[in-house]
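The values are calculated or read from the model by the stated rules, or taken from the named source; none is laboratory data. Remember, it's a predicted structure, so these values are computed and weren't measured experimentally. As a convention, Cβ positions derive from the backbone with ideal geometry for all residues, glycine included, and neighbour counts pool all protein chains shown. The protein model used for the area step is the full one, side chains on, heavy atoms only, and it has no ligands, DNA or RNA in it. Shrake-Rupley method; radii C 1.70, N 1.55, O 1.52, S 1.80 Å.
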Amino acid sequence: ALRSDSASVVTPAIRTLGNFVSGTDEQTQAVLDAGVLDEVGALLRHGRRNVRKETCWLLSNVAAGTRAQISALLNRPRETGAVVSLAENAEWEVR
């Protein structure tokens, strides 16, 4: 679903994953183990503002996880760089 061209498919999928990573550390780990970090780069560059916003929210919840989860995120310099760029330059709703 995250690779779909349709925002009406991607948006609820990323929101659902965001809900999981806002849960327990185990739920967050399950989402990470499923490979979500491999997909977020394209989502952070998505043409739809809401997809970028939901992806940033998902990543902010990962950043609130365990040390290992935070490290997994920080070991993705392209993705973390994209988040920083969005925080500096994107529409207010995405920031």
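Which pairs do you get when a residue that is on the phi < 0 side of the Ramachandran plot, found in region 2-14, comes within reach of a residue that is surrounded by 12 or more Cβ atoms within 10 Å (Cβ to Cβ) and at pLDDT below 90, reach meaning Cβ atoms under 9 angstrom, with the pair 6+ apart or on two chains?
Final answer for the pair search is Val9/Ala1; Val10/Ala1; Pro12/Ala1; Ala13/Ala1; Ile14/Ala1.
Working only within region 1-47, note down all residues that are more than 17 Å from Ala72 (Cβ to Cβ), of a type in the set (A, V, I, L, M) and assigned to a helix (DSSP H, G or I).
The answer is Ala7, Val9, Val10, Ala13, Ile14, Ala42.
If I ask for residues that are open to solvent by 20 Å² or more (accessible area, probe 1.4 Å) and hydrophobic (A, V, I, L, M, F, W, C), which ones from region 35-47 would you list?
Matches in region 35-47: Ala42 only.
For region 48-79: of the residues being without any contact (Cβ under 8 Å) to a residue 12 or more places away in the chain and outside any helix (DSSP H, G or I), which is least open to solvent (accessible area, probe 1.4 Å)?
Applying the filter and picking the extreme gives Ala64.
Consider Ala90 against the criteria (1) open to solvent by 20 Å² or more (accessible area, probe 1.4 Å); (2) over 12 Å from the mean Cα position of the chain (by Cα): it satisfies all of them except one. Which criterion is unmet?
(1)
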